1. Taking the condition open to solvent by 50 Å² or more (accessible area, probe 1.4 Å), over 21 Å from G132 (Cα atoms) and of a type in the set (G, A, S), does A20 pass?
2. Do you know which residues across the range 129-145 are open to solvent by 40 Å² or more (accessible area, probe 1.4 Å) and not in a loop (DSSP other than H, G, I, E, B)?
3. Say we look at the range 146-178 and pick out the residues that are part of a loop (DSSP other than H, G, I, E, B) and of a type outside the set (S, T, Y); which of these is farthest from the chain's Cα centre (by Cα)?
4. Working carefully through the options D121, D126, find the one that is free of Cβ contacts under 8 Å to residues at least 24 places away in the same chain, surrounded by 21 or more Cβ atoms within 10 Å (Cβ to Cβ) and on the phi < 0 side of the Ramachandran plot.
5. Does D149 satisfy the condition of being acidic (D, E), open to solvent by 70 Å² or more (accessible area, probe 1.4 Å) and farther than 19 Å from A10 by Cβ?
Amino acid sequence: MTTMISMLGAVTPPGRFFKALATMTDESRGPLLQASMINLGDHKIAFADGRPSADYHDDTAAIVQKVIEADIVVLATPVYRGTFTGALKNLLDHLPVDSLMGKPCGIVAMGATNHHFLGADWHLRDVLAWFGAFTAPTSVYLTSSDFTDGQVSDGARSELLGLVQTLVKMKDIFPQGSRAVMPLPLPARNR
C-alpha cells in the first residue's frame, strides 16, 4: 500500500488551510492509499542545531521518521513574507537527504491574494531539488476565494485531489528505489 503524509507547516491555530489539507488527506484515503496529516502546530519540533533527531526530547524524531517512511510527501505552507514558513524550514533542516531523495513531493500554499503565488512555490522547489525529490510539475495555491463559509470550494477540492493523483502516478512511474535512474543530488554525493 502507498503511504502519503501531508505536512501543514503552520504553527497558528487551525483554520481554513487546515480544513483544506484535512479534506485533501481524508478524501485521498482508499484501498491503495493510506494518507495521514501532520499539523506542525500540534507538535514540538526542536530548533535544528545539527544533532541527530533522536537526541531531542520532543516530537522531532517521530515526525522525521514519519517523513522517511512515507512514499509520498505533500508540503503545505501559508505564505509568510513571500515564502514558506520558518516552522516548515526548520523541519526540513532536520531531514536527512535521503528522506526525500527520489520521492514524489507536492506543494500546497495559501496566501491572502494571488500576488504571492510563486514565492513559496519557488523556494520550496529549490529546497526539494537539494534533496533530490521528484516534485510535481504544478502546485496548488489557495486564497480566500477558494472557501465559502469556511468550507473548501469544489474547484479547490478538485485541484487538491488532482495533486494527489499526480503524486500517486509519479510514485508508480518512479517507484522507491528509483534513485538509480537519476543523478545524486550534490548533498548525497561522497557519503
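The values are calculated or read from the model by the stated rules, or taken from the named source; none is laboratory data. In this text the structure is predicted, and so the values were computed from the model without any measurement. Counting neighbours? That spans all protein chains shown, and the Cβs are built from the backbone with ideal geometry, glycine included. Just the protein is used for accessible areas: all its heavy atoms, side chains included, with ligands, DNA and RNA removed. Shrake-Rupley method; radii C 1.70, N 1.55, O 1.52, S 1.80 Å.
1. Against the criterion (open to solvent by 50 Å² or more (accessible area, probe 1.4 Å), over 21 Å from G132 (Cα atoms) and of a type in the set (G, A, S)), A20 does not qualify.
2. A129, W130, Y141, S144, S145
3. Ranking the qualifying residues of the range 146-178, first place goes to D149.
4. D121
5. In short, yes.
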